[in-house]
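The values are calculated or read from the model by the stated rules, or taken from the named source; none is laboratory data. Because the structure is a prediction, the values reported are computed rather than measured. Cβ atoms come from the backbone with ideal geometry, glycine included; neighbour counts cover every protein chain shown.
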Amino acid sequence: MTPPAQPRDRLRVALQKSGRLGEPARELLASCGLTWRESRDKLFCYGESLPVDLLLVRDDDIPGLIADGVCDLGIVGRNVLVEHGLEREASGRPARLTEWRQLGWGACRLDVAIEEDDEWTGPQQLEGLRIATSYPRTLARWLAEQGVDAQPVLLNGSVEIAPRLGQADVVCDLVSTGGTLRANQLKPVTTILHSEAVIAGPSDTLDDGRQEIADLLMRRLDGALQLKESRLLLLRSDRRVLPDVLGLLPAGHAPTVLQVDGRDEVSIQVLVHGPVSWAKLEGLKHAGASNLLVLPVEGMLA
Ligand code: ATP
Ligand code: ZN
């Protein structure tokens, strides 16, 4: 690990330049009130509203940039972070990186996939086979856990066509819908890692002004993540069925119950974390609630 030469008073966050995670990562940081000025080559963004700069890179480079102290935090798939950690470990250089937050998007699985027409009887079936993957360390760890001796074959792209090209017998690849596998006559049979986008950062605290900035950013981020999930549920209920209706409300903050002028009716409002399903609304209506409204929340300060 190469420590930064000078204490720094600006935080540097590595994001994927393009690809699946780049845009949502920038949107997330923008929702924390961050604004930037882009460099001409669009690889560096200078933070204007907070001392938080962005470095836009390939996702595979993000863990290394943090481990080497070039960047302080990064937004990257867990799959990339885990593979990097195992690689560093294998070369005797513990990465000391960890997941600071799970972001709930960019979800995918690292799956073993076999030919569509083959039967799957379990991991033992992989004994002696060549498995094409871009995640050889993660695969090797799983194979060891299963007590299976197979050979990971490292491919950096087009993993799913490897069996047809004779480069491997089966594959271990990232899957979200399974469409790419199906298009290549493959089927996923077992998951070796569940992934999503995460904030990656050092396991130790940053030892200069950056920690304070990181704390501020994490506080805003937690607020933004919570806000994204929050809904305000408004409804009315006859007083006689109020206990039933209250009992059905989704878990969240304590509801506010107000008397409706001139009627034996109350108006209820409650902040809910997570989506409110149609089934939940229908259940409330069935119990006697009316005028149900689900509203997005634009801002929150407890
Ligand atoms: P880069 O040019 O930055 O190296 P890439 O081609 O390696 O890009 P993307 O395909 O943009 O990367 O994927 C970035 C991340 O998105 C993956 O590492 C993974 O965490 C996540 N992801 C979500 N769904 C999928 C999917 N179906 N296939 C691949 N990655 C997925
Ligand atoms: Zn990549």
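Among the residues making up segment 117-162, those that are surrounded by fewer than 15 Cβ atoms within 10 Å (Cβ to Cβ), at pLDDT 95 or above and small (Gly, Ala, Ser) are Gly122, Gly128, Ala144, Gly147.
Checking the condition at pLDDT 95 or above, within 16 Å of ligand 2 (Cβ to nearest atom) and not in a helix (DSSP H, G or I), which residue from Ile114, Ile66, Ile62, Ile75 passes? It is Ile75. List, please: which pairs have Cβ atoms under 9 Å, are six or more places apart or on different chains, and start with a residue in segment 6-27 that is on the phi > 0 side of the Ramachandran plot and in the same structural domain as Leu54 (by TED's automatic domain parsing) and end with one that is within 15 Å of ligand 1 (Cβ to nearest atom) and not aromatic (Phe, Trp, Tyr)? So the pair list comes out as Gly19/Arg58; Gly19/Asp59. Test Asp208 against the stated conditions and say whether it is over 27 Å from the mean Cα position of the chain (by Cα) and modelled with pLDDT under 95. It is true that Asp208 is over 27 Å from the mean Cα position of the chain (by Cα) and modelled with pLDDT under 95.
Condition check ((1) β-branched (Val, Ile, Thr); (2) crowded, with 16+ Cβ neighbours inside 10 Å; (3) under 19 Å from Arg220 (Cα atoms)) across all residues:
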residue	(1), (2), (3)
Leu21	no, yes, no
Cys32	no, yes, yes
Asp41	no, no, no
Leu54	no, yes, yes
Ile75	yes, yes, yes
Ala95	no, yes, no
Val112	yes, yes, no
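Applying the criterion of being part of a strand (DSSP E or B) and of a type in the set (Gly, Ala, Ser) to the residues of segment 236-268, the residue that is nearest to Gly288 (Cα to Cα) is Ser237.
Within segment 149-207, if we keep just the residues that are polar (S, T, N, Q) and free of Cβ contacts under 8 Å to residues at least 12 places away in the same chain, the residue that is farthest from Pro63 (Cα to Cα) turns out to be Thr177. Does segment 255-271 include one or more residues that are under 23 Å from Gly104 (Cα atoms) and not polar (S, T, N, Q)? Yes: segment 255-271 contains one or more residues that are under 23 Å from Gly104 (Cα atoms) and not polar (S, T, N, Q). Here Lys187 clears all of (1) surrounded by fewer than 18 Cβ atoms within 10 Å (Cβ to Cβ); (2) away from ligand 1 (no atom under 13 Å from the Cβ); (3) in a helix (DSSP H, G or I) except the condition numbered (3).
Taken over segment 251-266, the criterion of being surrounded by fewer than 16 Cβ atoms within 10 Å (Cβ to Cβ) and either under 30 Å from Gly223 (Cβ atoms) or basic (Lys, Arg) (or both) is satisfied by Ala251, His253, Ala254, Thr256, Val257, Leu258, Arg263. For segment 8-38, the tally of residues that are within 16 Å of ligand 2 (Cβ to nearest atom) and not hydrophobic (A, V, I, L, M, F, W, C) stands at 8. The requirement of being polar (S, T, N, Q), under 18 Å from Leu34 (Cβ atoms) and out of contact with any Pro (no Cβ under 7 Å at 6 or more places or on another chain) is fulfilled somewhere in segment 204-211, by at least one residue. The residue pairs whose first member lies in segment 208-229 and is in a helix (DSSP H, G or I), whose second member is surrounded by 14 or more Cβ atoms within 10 Å (Cβ to Cβ) and basic (Lys, Arg), and whose beta carbons are closer than 9 Å, counting only pairs six or more residues apart or on different chains, are Arg210/Arg8; Arg210/Arg10; Arg210/Arg12; Ile213/Arg10; Met218/Arg101; Leu221/Arg101; Asp222/Arg101; Leu225/Arg101. Looking across segment 63-97, the residues that are within 19 Å of Arg8 (Cα to Cα) and β-branched (Val, Ile, Thr) come down to Ile66, Val70. When Met300 is tested against the conditions (1) of a type in the set (A, V, I, L, M, F, W, C); (2) exposed (fewer than 14 other Cβ atoms within 10 Å of the Cβ); (3) farther than 30 Å from Val13 by Cβ, the lone failure is (3).
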